[in-house]
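Chemist: Below: one structure in structure tokens.
The values are calculated or read from the model by the stated rules, or taken from the named source; none is laboratory data. It should be emphasised that the depicted structure is a prediction, and the values quoted were computed from it without experimental measurement. Positions of Cβ are generated from backbone atoms using ideal geometry, with glycine treated the same way; all protein chains shown enter the neighbour counts. Only protein heavy atoms, including side chains, enter the accessible area calculation; ligands, DNA and RNA are left aside. Shrake-Rupley method; radii C 1.70, N 1.55, O 1.52, S 1.80 Å.
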Amino acid sequence: MLGSGADAQKILFIMAFTAVLFGSVNAAREIVKEAPIYRRERTVNLGIIPYMFSKIVVLALLCLLQTAILVIIVNIVEPFQQGIILPAILEVYITMALTTLAGLMLGLAISATAPNTDRAMSFIPIILIPQVIFSGTVFAFKDWFTQILATLFAARWSIAALGSSIGLHSDKISGDKLFGNNYTYHGTLFSTYTQTNATNYLLTMWIVLGVMIVVLACATGFFLKRKDVRV
């Protein structure tokens with residue numbers, strides 16, 4: 001397994017943060033770099049949804065490949081143990097895939113709003129720093145305000161899912177919590193959590209990441225539509 005306690009959380013943080021980084025960096029320049037072409041094609045017959053789909057498919061394949069390589073390397077160095085509903089490596093990859101897709105859609109949303117490529121890339125550190133601060137592994141959340149802010153960042157949900165899959169024991173230690181009395185990790189390996197509880201918790205993390213992807217995709221479409229007004 002990934003060691004124990006703080007060491008394991010650090011590795012999970014690096015994995016989750018890297019997944020967001022892959023997605024956002026890969027996508028941040030994709031729309032803004034061809035803004036003149038997009039505006040011209042929109043005056044003819046280019047649809048927003050087909051345009052977005054063409055971007056998402058190619059970039060998603062790249063991001064999924066990158067995260068697969070990362071998961072495989074980590075698993076070779078520190079093999080994952082028992083998962084909750086699937087083999088641990090598969091659960092970890094699903095979480096990482098959803099995380100990098102959320103990062104991808106965040107990057108596309110930035111690319112759709114930025115006035116130029118340089119500005120788009122300058123936004124990347126701004127959106128990545130909160131992923132670090134509100135991941136839950138660097139700073140402890142001691143009030144509801146920071147808890148609520150943390151829910152807005154994919155890295156937070158990703159770490160909660162990853163920790164559950166590899167069997168971190170938040171039910172046996174005091175410390176970081178997500179949503180009041182619900183501890184961050186609900187795994188089954190040497191844990192007091194039931195299979196049903198852990199399964200529902202993991203699926204919730206996945207669903208939230210999926211909702212983030214959809215919301216950010218809608219935001220990207222909205223920002224692209226606004227460009228029509230400026231033509």
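Chemist: What do you reckon, is Ile72 without any contact (Cβ under 8 Å) to a residue 40 or more places away in the chain and either exposed (fewer than 15 other Cβ atoms within 10 Å of the Cβ) or within 19 Å of Tyr201 (Cβ to Cβ) (or both)?
Modeler: So Ile72 passes the test.
Chemist: Let me ask something additional. Checking Met15 against (1) farther than 20 Å from Ala217 by Cβ; (2) outside any helix (DSSP H, G or I); (3) in contact (Cβ under 8 Å) with a residue 24 or more places away in the chain, which test does it fail?
Modeler: (2)
Chemist: Now a separate question. When only residues in region 199-214 that are free of Cβ contacts under 8 Å to residues at least 60 places away in the same chain and touching a helix residue (DSSP H, G or I) at 6+ places or on another chain (Cβ under 8 Å) count, which is surrounded by the fewest Cβ atoms within 10 Å (Cβ to Cβ)?
Modeler: Filtering first and then ranking leaves Val208.
Chemist: Given (1) open to solvent by less than 60 Å² (accessible area, probe 1.4 Å); (2) in contact (Cβ under 8 Å) with a residue 24 or more places away in the chain; (3) closer than 21 Å to Phe153 by Cβ; (4) not hydroxyl-bearing (Ser, Thr, Tyr), where does Phe123 come up short, assuming only one miss?
Modeler: Unmet for Phe123, out of (1) open to solvent by less than 60 Å² (accessible area, probe 1.4 Å); (2) in contact (Cβ under 8 Å) with a residue 24 or more places away in the chain; (3) closer than 21 Å to Phe153 by Cβ; (4) not hydroxyl-bearing (Ser, Thr, Tyr): (1).
Chemist: Here's something else I'd like to know. Between a residue in region 38-61 that is closer than 19 Å to Ala219 by Cβ and any residue that is modelled with pLDDT of 90 or more and part of a loop (DSSP other than H, G, I, E, B), which pairs come within a Cβ distance under 6 Å, given they are 6 or more apart or on different chains?
Modeler: Lys55/Glu30
Chemist: Still on this structure, please answer the following. On the basis of being surrounded by fewer than 16 Cβ atoms within 10 Å (Cβ to Cβ), aromatic (Phe, Trp, Tyr) and modelled with pLDDT of 90 or more, does Phe53 make the cut?
Modeler: Yes; evaluated as a whole, the condition is true for this residue.
Chemist: Does region 161-170 include one or more residues that are open to solvent by 10 Å² or more (accessible area, probe 1.4 Å) and either closer than 16 Å to Gln9 by Cβ or modelled with pLDDT of 85 or more (or both)?
Modeler: Within region 161-170, one or more residues are open to solvent by 10 Å² or more (accessible area, probe 1.4 Å) and either closer than 16 Å to Gln9 by Cβ or modelled with pLDDT of 85 or more (or both).
Chemist: Go over the candidates Ala97, Ala109, Ala60 one by one and state the one that is outside any loop (DSSP other than H, G, I, E, B), within 23 Å of Arg226 (Cα to Cα), modelled with pLDDT of 90 or more and under 17 Å from the mean Cα position of the chain (by Cα).
Modeler: Among Ala97, Ala109, Ala60, only Ala109 is outside any loop (DSSP other than H, G, I, E, B), within 23 Å of Arg226 (Cα to Cα), modelled with pLDDT of 90 or more and under 17 Å from the mean Cα position of the chain (by Cα).
Chemist: Considering Ile94, Ile48, which residue is touching a helix residue (DSSP H, G or I) at 6+ places or on another chain (Cβ under 6 Å) and surrounded by 13 or more Cβ atoms within 10 Å (Cβ to Cβ)?
Modeler: When all the criteria are applied, what remains is Ile48.
Chemist: Here is a check on your reading of the model: is Thr117 in contact (Cβ under 8 Å) with a residue 40 or more places away in the chain, among the β-branched types (Val, Ile, Thr) and either surrounded by fewer than 23 Cβ atoms within 10 Å (Cβ to Cβ) or touching a Lys or Arg at 6+ places or on another chain (Cβ under 7 Å) (or both)?
Modeler: In short, yes.
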